[in-house]
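Presented below is the structure to which this report refers.
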Amino acid sequence: MKHAFGWLVRWGPAACCMGIIFALSHRTADDLESWLPWFQRVVPGMSGFDWGHFIAYFVLAVTLAWGFGSSHSTWRVRIAIAAICLGYGISDEIHQHFVEGRHPDWKDVRNDMIGATAALLVLAVRPIGRTFGKMADSMKF
């Protein structure tokens, strides 16, 4: 039981993030348009760039790094995290093809990858990455 709980603490945030991305992608265009004015008031200058994709995949990359623990600082793991984000972003766009009023857009995948890359760059800053890795590793059960 301890091992299962440890897995949940390490990988649960990434799984939840992926679930939230999937749920938001499953909403119709009309549903999402009702949220956009609120976000534009909270984050001025939001138009022209899809901050939703940026933020979602920034968080996804951070939660994946959390799952990997201190090994997130190796280039091999960083590339794996980026590849997971890219694959999930592509599958997200394919998913949107089947949702009413939505359509796949390569710019969304671009914004996904900008967000994931930004997260990986923040975690590449040594003091941040070390502290983050130590915190993640301390959650082993």
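Counting beta carbons within 10 Å around each of Ile21, Ile84, Ile79 and listing the fewest first gives the order Ile79, Ile84, Ile21.
Between Ser91 and Ser138, the FRET efficiency estimated from the beta carbon spacing at R0 = 30 angstrom works out to 0.40. Prolate is the label for the range 51-127. Its Cα gyration tensor axes, ordered a ≥ b ≥ c, give a/c of at least 1.5 and a/b above b/c. Counting every other Cβ atom within 10 Å of each residue's Cβ, Tyr88, Tyr57 order from fewest to most as Tyr88, Tyr57.
Backbone amide hydrogens, once placed in the peptide plane, bring Val99 within less than 5 Å of nothing, excluding anything fewer than 5 places away on its chain.
Coordinate-derived values only; no laboratory data. Remember, predicted model here, so these are calculated numbers, not experimental data. Glycine gets a Cβ as well: all are built from the backbone with ideal geometry, and neighbour counts include every protein chain shown.
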